[in-house]
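A short write-up of the structure that comes next.
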Amino acid sequence: MNHDARQSFVELILLAPYLDSHLSLTEDEVLEKALQAIGWSSSQPGGLCLTSAFAAAREASSCELKADEFMQARAAVLKAAGESSLAFEWLGRILGSDGMTGGETRFLQRAKSLLFD
């Protein structure tokens, strides 16, 4: 996975908990596994900056229009890099890890349409 796709992946998976207004312990554990699956390490110099990813996701979550534009942009990068399936799989794992709310289901359906259509 290239750097842009990795950054988009992380920003997209971080957006879901912001829109849902919570990150359960179970979701947090699966999120950590997702980061490991793409090769992220907190000790990796020059790697992914989670602080900026969290900030970008938080800003996007402030408005429905911003969130949709944010999702579109990240999904386009992932789709172009051939990483749609990986992103969708981890989104499903994270969101479904503690049961899916209506908002999480809608988020996952929107992500699916952006990643695969």
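The values are calculated or read from the model by the stated rules, or taken from the named source; none is laboratory data. All values reported here derive from a predicted model rather than from experimental measurement. Cβ atoms come from the backbone with ideal geometry, glycine included; neighbour counts cover every protein chain shown.
Every residue in the range 79-106 that is more than 15 Å from M1 (Cα to Cα) and basic (K, R), please.
The answer is R93, R106.
Kindly check whether there is at least one residue in the range 94-102 that is part of a helix (DSSP H, G or I) and either among the basic types (K, R) or in contact (Cβ under 8 Å) with a residue 60 or more places away in the chain (or both).
yes
Under 7 Å between Cβ atoms, which residue pairs at least 6 apart in sequence (or on different chains) link something in the range 62-85 that is touching a residue at least 24 places away in the same chain (Cβ under 8 Å) with a partner that is surrounded by fewer than 13 Cβ atoms within 10 Å (Cβ to Cβ)?
Matching pairs, first to second residue: A81/N2; S84/F116.
Would you mind finding the one in S84, S97, S61, S24 that is of a type outside the set (A, V, I, L, M, F, W, C), touching a helix residue (DSSP H, G or I) at 6+ places or on another chain (Cβ under 6 Å) and farther than 19 Å from S8 by Cβ?
Values: S84 fails: farther than 19 Å from S8 by Cβ; S61 fails: farther than 19 Å from S8 by Cβ; S24 fails: touching a helix residue (DSSP H, G or I) at 6+ places or on another chain (Cβ under 6 Å).
Exactly one residue qualifies, and that residue is S97.
I'd like the full set of residues that are modelled with pLDDT of 85 or more and either over 18 Å from L91 (Cα atoms) or among the acidic types (D, E) (or both), limited to the range 28-51.
E29, E32
Which residue out of L78, L65, L86 is part of a helix (DSSP H, G or I), at pLDDT 90 or above and exposed (fewer than 12 other Cβ atoms within 10 Å of the Cβ)?
Working: L78 fails: exposed (fewer than 12 other Cβ atoms within 10 Å of the Cβ); L86 fails: exposed (fewer than 12 other Cβ atoms within 10 Å of the Cβ).
Being part of a helix (DSSP H, G or I), at pLDDT 90 or above and exposed (fewer than 12 other Cβ atoms within 10 Å of the Cβ) holds for just one of L78, L65, L86, which is L65.
Which ones in the range 88-117 are within 14 Å of K33 (Cβ to Cβ) and among the aliphatic types (A, V, I, L, M)?
Within the range 88-117, L91, I94, L95 meet the criteria.
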